[in-house]
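Enquirer: Mind looking over this structure? Questions follow.
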Amino acid sequence: IRVRGGVQGVFYRVSAASAARGLGAVGWVRNLSDGSVLLLAQHAHRAKLEELVAWCRVGPPGASVSAVDAEWSTLDAFSFSSFEKQSGRFPPP
């Protein structure tokens, strides 16, 4: 899930990680060097991930989301055991 707009410096990653954990998702969230935020989330139920995408469209107070792009894939096994906030700025994919 890639989120664009005013999403850095507004506790977006912390809030997104909390929202994801609340939905039972695992994965990570990180800032990208172009000012966007990227989430990789896994859940056994697609509906829970759709809830997370909906949350991403609004974000925390102070965020100004201009676009959310979600890519879907099916996995046989989970790659993560928790949902983590990653520090630093990473290059866009």
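The values are calculated or read from the model by the stated rules, or taken from the named source; none is laboratory data. None of these values were measured; they are calculated from a predicted model. Cβ atoms come from the backbone with ideal geometry, glycine included; neighbour counts cover every protein chain shown. Accessible surface areas use protein heavy atoms only, side chains included; no ligands, DNA or RNA. Shrake-Rupley method; radii C 1.70, N 1.55, O 1.52, S 1.80 Å.
Enquirer: Looking at segment 44-68, I want the residues that are on the phi < 0 side of the Ramachandran plot and have a partner that is polar (S, T, N, Q) with Cβ atoms under 6 Å, at least 6 apart or on another chain. Which pairs are those?
Expert: Close Cβ pairs satisfying both conditions: 60/15.
Enquirer: So in segment 1-43, with the set limited to residues that are of a type in the set (Gly, Ala, Ser) and without any contact (Cβ under 8 Å) to a residue 24 or more places away in the chain, which one is surrounded by the fewest Cβ atoms within 10 Å (Cβ to Cβ)?
Expert: Checked segment 1-43; the qualifying residue surrounded by the fewest Cβ atoms within 10 Å (Cβ to Cβ) is 9.
Enquirer: A further question on this structure: Regarding residue 66, is this residue among the polar types (S, T, N, Q), open to solvent by 80 Å² or more (accessible area, probe 1.4 Å) and modelled with pLDDT of 95 or more?
Expert: Spelling it out, residue 66 is indeed among the polar types (S, T, N, Q), open to solvent by 80 Å² or more (accessible area, probe 1.4 Å) and modelled with pLDDT of 95 or more.
Enquirer: With the requirement that a residue be under 15 Å from the mean Cα position of the chain (by Cα), surrounded by 11 or more Cβ atoms within 10 Å (Cβ to Cβ) and either farther than 14 Å from residue 17 by Cβ or not aromatic (Phe, Trp, Tyr) (or both), what does segment 75-91 give you?
Expert: Those that are under 15 Å from the mean Cα position of the chain (by Cα), surrounded by 11 or more Cβ atoms within 10 Å (Cβ to Cβ) and either farther than 14 Å from residue 17 by Cβ or not aromatic (Phe, Trp, Tyr) (or both): 82, 84, 85, 86, 89, 90.
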